[in-house]
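**Student:** Below are the structure tokens for one structure; questions will follow.
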């Protein structure tokens with residue numbers, strides 16, 4: 001092999017190693033970049049239970065906010081799923097409970113996870129859940145039906161411009177997903 005060819009090969013190897021290092025660095029940085037993007041846009045946040053006590057909120061009876069409930073199923077999820085109410089008028093600061101109903105339509109056990117979403121995204125920080133079936137994976141026996149409550153409060157600090165908050169859930173069949 002000529003010296004010129006050896007130099008070209010060494011240069012190519014250095015470039016390929018640099019590309020591999022850059023790809024690894026980009027992959028490593030994706031999670032923090034995603035978190036920053038979600039914080040900026042208010043999208044795809046996981047909604048966690050509230051640690052605030054009822055005594056921390058003063059009920060604002062002069063205001064009403066409409067909370068809408070939307071349910072859907074991933075196309076491959078063999079269930080029935082609905083909310084007991086399509087919407088509810090609430091006073092910020094007061095706790096409310098709404099029931100959701102789900103049924104396994106198969107003859108075999110099923111595991112499913114509900115993924116919540118709140119719109120508008122900027123109102124999400126003012127919507128606190130203290131109890132929700134979305135916090136854990138739900139297990140349904142064959143043909144089993146469940147009533148699942150969601151307990152929530154709208155923080156009275158919600159800006160006046162928000163008159164309607166939409167809470168939606170999509171159930172996904174997680175039966176065949178291996179958990180770590």
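**Student:** Being surrounded by 19 or more Cβ atoms within 10 Å (Cβ to Cβ) and part of a strand (DSSP E or B) is the filter here, so list the residues in the range 114-127 that pass it.
**Tutor:** So the first thing to find is which residues in the range 114-127 are surrounded by 19 or more Cβ atoms within 10 Å (Cβ to Cβ), and the list is 114, 116, 118, 123, 127.
Once the filter is applied, which keeps residues that are surrounded by 19 or more Cβ atoms within 10 Å (Cβ to Cβ) and part of a strand (DSSP E or B), the range 114-127 yields 114, 116, 118, 127.
**Student:** Could you run through the range 74-113 and say how many residues are touching a strand residue (DSSP E or B) at 6+ places or on another chain (Cβ under 9 Å) and outside any strand (DSSP E or B)? Can you show your working first?
**Tutor:** The initial filter retains those residues of the range 74-113 that are touching a strand residue (DSSP E or B) at 6+ places or on another chain (Cβ under 9 Å), namely 74, 76-106, 109-113.
Applying the additional criterion that residues be outside any strand (DSSP E or B) yields 74, 76-78, 84-86, 91-94, 105-106, 109.
Final tally of qualifying residues: 14.
**Student:** Turning to a different aspect of this structure: Scan the range 135-149 and give yes if some residue there is part of a helix (DSSP H, G or I) and assigned by TED's automatic domain parsing to the domain that holds residue 87, otherwise no. Give the derivation first.
**Tutor:** Of the residues in the range 135-149, the ones part of a helix (DSSP H, G or I) are 135.
Adding the requirement that they be assigned by TED's automatic domain parsing to the domain that holds residue 87 leaves 135.
Yes, because at least one residue in the range 135-149 is part of a helix (DSSP H, G or I) and assigned by TED's automatic domain parsing to the domain that holds residue 87.
**Student:** Kindly list the number of the only condition in (1) touching a helix residue (DSSP H, G or I) at 6+ places or on another chain (Cβ under 7 Å); (2) touching a residue at least 60 places away in the same chain (Cβ under 8 Å) that fails for residue 95.
**Tutor:** Of everything listed in (1) touching a helix residue (DSSP H, G or I) at 6+ places or on another chain (Cβ under 7 Å); (2) touching a residue at least 60 places away in the same chain (Cβ under 8 Å), residue 95 misses just condition (2).
Residue by residue, here is whether (1) outside the structural domain of residue 83 (by TED's automatic domain parsing); (2) at pLDDT below 65; (3) farther than 25 Å from residue 128 by Cα holds:
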site	(1), (2), (3)
5	yes, no, yes
15	yes, no, yes
22	yes, no, yes
25	yes, no, yes
29	yes, no, yes
37	yes, no, no
46	yes, yes, no
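**Student:** Kindly evaluate residue 130 against the criterion of being in a strand (DSSP E or B), touching a strand residue (DSSP E or B) at 6+ places or on another chain (Cβ under 6 Å), touching a residue at least 60 places away in the same chain (Cβ under 8 Å) and under 16 Å from residue 68 (Cβ atoms).
**Tutor:** No, not satisfied.
**Student:** I've got another one for you. For the range 171-178, does any single residue satisfy the condition of being under 22 Å from the mean Cα position of the chain (by Cα), under 15 Å from residue 82 (Cβ atoms) and surrounded by fewer than 18 Cβ atoms within 10 Å (Cβ to Cβ)? Give the derivation first.
**Tutor:** Of the range 171-178, the ones under 22 Å from the mean Cα position of the chain (by Cα) are 171-178.
Those still in the list that are under 15 Å from residue 82 (Cβ atoms) too: 171.
Next cut, surrounded by fewer than 18 Cβ atoms within 10 Å (Cβ to Cβ) only: none.
No: zero hits.
**Student:** Can you tell me which residue among 135, 69 is within 15 Å of residue 169 (Cβ to Cβ) and crowded, with 18+ Cβ neighbours inside 10 Å? Outline the logic, then answer.
**Tutor:** On the way: 135 fails: crowded, with 18+ Cβ neighbours inside 10 Å.
Unique residue meeting the criteria: 69.
The values are calculated or read from the model by the stated rules, or taken from the named source; none is laboratory data. In this text the structure is predicted, and so the values were computed from the model without any measurement. Cβ sites come from the backbone with ideal geometry, for glycine too, and all protein chains shown count toward neighbours.
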